[in-house]
Every structure is written in structure tokens, then in C-alpha cells.
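Peer 1: Following this message is one structure expressed as C-alpha cells.
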Amino acid sequence: MSTSGTVSQTTISVMQLIDHGARRAGKLAEELTVEQVQAAKESLYYLLSSLSNYGVNYWAINKVIVGLQPDKYEYFLPVGTVDVLNANYRTLTNVNTGAYSTSGVTLNAFNGVGNLICQLSNNTGAIGIANGTSSPVYISTIGILPAVSGSVTVNLQYSMDGTTWVTAYAPGAVTWASGTWIYYDLDPSATAPFWRIQQVSGVNMGFYQVVFGTMPMSINMSRMNRDDYSSLPNRSFTALRPLQYWFNRTIPQPNMEVWPVPNNIGPQIELWLNRYIQDVGDLSGQIEIPQYFYMAIQWGLAHQMACELPQVDPARIQYCEAQYEKHFMLAQNENRDKSPIMISPNISMYTR
């Protein structure tokens with residue numbers, strides 16, 4: 001028996017989906033005009049966007065770390081966020097032994113306050129810690145509170161001897177916004193005595209604060225509805241730990257409004273966000289869906305195209321819709337978390 005020997009290596013482009021959609025709608029792919037192809041591409045975008053209406057898309061979950069700032073209660077989430085699935089208040093142990101920078105006032109970036117600036121004088125500098133060869137440390141998170149705005153490219157590196165450096169993570173070119181935290185959870189990370197943020201290019205790095213964090217500790221945050229949040233007697237009350245939040249679904253970016261309002265610059269909020277599926281790109285590109293969803297999306301696109309293409313038999317429209325509903329149900333039944341669920345009813349108020 002001769003088989004391909006590969007699994008999940010077949011790629012389906014946006015153009016192929018549109019061609020199949022036309023044929024299933026009763027038209028030849030060759031008949032499509034440029035305008036109709038563009039309309040089909042937009043219909044595909046509508047279709048993918050609507051998947052979030054049916055629940056969590058498990059392949060579209062992102063982990064995001066939001067840095068807290070004193071007296072700030074409102075934190076905007078990434079564009080495309082649908083919902084907050086989990087939110088944890090998190091603290092780190094900040095390692096600053098042997099802190100150094102190639103220029104600027106190093107102490108300003110490690111004072112734990114964020115009221116002063118460590119400004120580097122060129123765009124190939126570095127800032128880091130030297131914990132000593134006999135005291136290696138596992139760094140799980142590196143945080144940056146920029147004092148400059150603009151595109152910056154850095155490498156997050158570690159070394160066993162302070163001479164030979166290994167890049168743990170290279171985030172590429174990132175747009176820094178002065179006063180807005182950037183956190184990187186390193187996975188995998190390493191245990192090493194020397195750590196640094198090494199600039200490659202971009203505007204000269206400037207820091208209000210830098211964090212080389214280890215031993216993260218998380219506490220689950222409680223979600224409030226709008227009525228509960230608006231009924232708080234003092235929404236400006238400050239405390240060390242904001243353990244509640246209201247998810248405000250505004251556009252173009254939703255935001256979290258936390259309570260109590262944080263009064264410390266160090267902690268973070270660890271978020272697991274459900275987001276929209278990536279935009280439909282070039283006709284030669286692919287769409288961001290798992291393999292088990294392809295048949296549902298194909299029939300859904302065929303139905304959308306049949307509704308717009310001229311002279312399509314109404315019976316064909318109904319048939320495409322029925323096929324979409326059937327295959328969507330099959331795909332949605334697979335789109336689930338198969339981990340065990342424990343339900344523990346609380347009946348203490350009836351048994352006292």
C-alpha cells in the first residue's frame with residue numbers, strides 16, 4: 001500500500017476556497033470577475049469573523065501580560081480581542097544583582113519607582129544583570145517600561161560566563177510607547193548568571209524600569225458585570241492588589257477597568273484572551289483555521305457566494321446552506337476542550 005507518508009501538509013489557498021465556492025454555487029470558477037473574487041474574499045472574512053459568535057475558538061487564544069501602573073485603572077487590550085477567558089494578578093521577584101547598562105544611569109531603571117530615566121546613548125547598547133558565576137538564576141519574564149517611543153529591535157540574552165551570549169528570545173522590531181509596559185514570558189528559558197537586553201537597531205533605548213523576573217506568583221481575579229462595577233461606592237480606591245475587573249467591550253479596542261486601582265508599578269495582569277481569527281490575506285495565502293474546520297468554511301463560503309452571484313438557482317442556495325449547517329455542527333462538536341470537568345455543588349447553606 002503506497003501512501004503519501006505525510007500528514008496535514010496539504011495547503012489550501014484563499015483562491016482555491018473561492019474557486020471551490022463558485023463551483024458549489026453552480027458557477028465555473030473561470031466566470032468570476034475581479035469584483036466577484038473580491039466580494040468572495042470579503043464574504044470569507046465575514047464568515048471567519050462570525051465563528052466567534054459560537055463560542056471559543058481554541059486555536060485563537062493568546063496569552064498577554066499587562067503591566068500595572070500606579071493610579072491607572074483602565075487598560076486597553078489588543079485589537080481583535082473578543083473576550084477575557086482568564087485573568088490573574090501576578091507578582092515577580094525582581095533580580096537586580098549586578099545591574100549595569102552600557103550608558104545612562106543604571107540605577108534609574110532598577111529603583112522600583114519608575115520616576116527617573118536610564119537613557120542609552122546609542123542604538124547598540126545593552127542593559128542587564130550580572131548575578132555572579134556561582135549564583136545562576138532562572139529568569140522567567142523580562143519586562144521593559146520604555147521612556148522612549150518608536151521602533152526598537154532587541155535580543156533577550158543570557159550567558160554562563162558573561163562573554164558568550166545565547167538569545168533566549170528575539171521579538172523583532174517592536175513599537176515602544178513611552179510609559180507602557182512590555183513584558184516577555186520566556187518559554188523556554190534558562191538558568192544563567194548573566195542576563196541582558198541587547199539592542200540591535202531602532203531608536204536609542206531609554207527605560208523608566210527594567211524587570212528581570214523569577215518565581216511568578218498568580219492570584220485569580222474576579223470578573224464583575226457593568227452593574228456591579230458602576231455600583232462601587234469608590235471606583236478610585238487604591239490598593240496593592242486589584243483583584244476584580246470589568247471587561248468593557250468597546251471598539252476598536254476593549255479594555256479592562258480594574259478595582260481596586262493599583263498603587264504599585266511592579267505587578268502585572270496575566271491574561272488568556274480569545275481573539276478573532278486572523279484577517280484574510282492575499283489570494284495565494286491560507287486562512288487561520290484547523291484542518292477539521294475546512295469543510296464547514298468551504299460550504300459556508302459557497303453559500304455566501306451563491307447569495308451574491310447572479311442567476312444562481314434558489315434551490316442551490318438552500319442546498320449550500322444546509323451543507324454548511326451540517327458540516328459546521330460536526331466541526332463545532334470537535335472544537336472543544338476535552339479535559340475533565342469537576343463540578344462541586346455548594347450546599348452548605350442547606351446543611352448548617
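Peer 1: Looking only at the stretch 299-306, decide whether some residue is of a type in the set (A, V, I, L, M), over 30 Å from residue 61 (Cβ atoms) and surrounded by fewer than 16 Cβ atoms within 10 Å (Cβ to Cβ).
Peer 2: No, the stretch 299-306 contains no residue that is of a type in the set (A, V, I, L, M), over 30 Å from residue 61 (Cβ atoms) and surrounded by fewer than 16 Cβ atoms within 10 Å (Cβ to Cβ).
Peer 1: Run down 166, 152, 148 and say which single residue is assigned by TED's automatic domain parsing to the domain that holds residue 198, closer than 23 Å to residue 216 by Cβ and of a type in the set (Val, Ile, Thr).
Peer 2: The unique qualifying residue is 166.
Peer 1: Still on this structure, I have one more. It is to be established whether one or more residues within the stretch 274-281 are over 20 Å from residue 63 (Cβ atoms) and polar (S, T, N, Q).
Peer 2: No: the stretch 274-281 contains no residue that is over 20 Å from residue 63 (Cβ atoms) and polar (S, T, N, Q).
Peer 1: Oh, and also: Determine which single condition residue 45 fails, assuming it passes every other condition in (1) among the aromatic types (Phe, Trp, Tyr); (2) more than 30 Å from residue 235 (Cβ to Cβ); (3) outside the structural domain of residue 315 (by TED's automatic domain parsing).
Peer 2: (3)
Peer 1: Here are some conditions: (1) more than 20 Å from residue 179 (Cα to Cα); (2) loosely packed, with under 15 Cβ neighbours inside 10 Å; (3) of a type in the set (S, T, N, Q). Residue 115 meets all but one. Which one does it not meet?
Peer 2: Only one criterion in (1) more than 20 Å from residue 179 (Cα to Cα); (2) loosely packed, with under 15 Cβ neighbours inside 10 Å; (3) of a type in the set (S, T, N, Q) is unmet by residue 115, namely (1).
Peer 1: Right, another one. Consider residue 9 carefully, then state whether it is more than 20 Å from residue 223 (Cα to Cα), outside any helix (DSSP H, G or I), of a type outside the set (A, V, I, L, M, F, W, C) and without any contact (Cβ under 8 Å) to a residue 60 or more places away in the chain.
Peer 2: On the way: more than 20 Å from residue 223 (Cα to Cα): yes; outside any helix (DSSP H, G or I): yes; of a type outside the set (A, V, I, L, M, F, W, C): yes; without any contact (Cβ under 8 Å) to a residue 60 or more places away in the chain: yes.
Considered against the rule, which asks whether it is more than 20 Å from residue 223 (Cα to Cα), outside any helix (DSSP H, G or I), of a type outside the set (A, V, I, L, M, F, W, C) and without any contact (Cβ under 8 Å) to a residue 60 or more places away in the chain, residue 9 comes out as yes.
Peer 1: Any residue in the stretch 83-102 that is free of Cβ contacts under 8 Å to residues at least 60 places away in the same chain sitting within a Cβ distance under 6 Å of a residue that is of a type outside the set (S, T, N, Q) and part of a loop (DSSP other than H, G, I, E, B)? List the pairs, counting only those 6 or more apart or interchain.
Peer 2: 102/125
Peer 1: Considering (1) among the polar types (S, T, N, Q); (2) in a helix (DSSP H, G or I); (3) in the same structural domain as residue 181 (by TED's automatic domain parsing), say which one residue 298 fails and leave the rest.
Peer 2: Only one criterion in (1) among the polar types (S, T, N, Q); (2) in a helix (DSSP H, G or I); (3) in the same structural domain as residue 181 (by TED's automatic domain parsing) is unmet by residue 298, namely (3).
Peer 1: Residues that are under 26 Å from the mean Cα position of the chain (by Cα) and over 20 Å from residue 189 (Cβ atoms): list the strands (runs of 3 or more DSSP E) wholly contained in the stretch 123-179 that include at least 1 such residues.
Peer 2: Working: elements: 126-130, 141-146, 150-159, 165-176.
Hits in the stretch 123-179: 141-146, 150-159, 165-176.
Peer 1: So for the stretch 49-59 (the condition being among the hydroxyl-bearing types (Ser, Thr, Tyr) and more than 21 Å from the chain's Cα centre (by Cα)), does at least one residue qualify?
Peer 2: no
The values are calculated or read from the model by the stated rules, or taken from the named source; none is laboratory data. This is a predicted model, so every value here is computed, not measured. Reconstructed Cβ throughout: ideal geometry from the backbone, glycine too, with neighbour counts over all protein chains shown.
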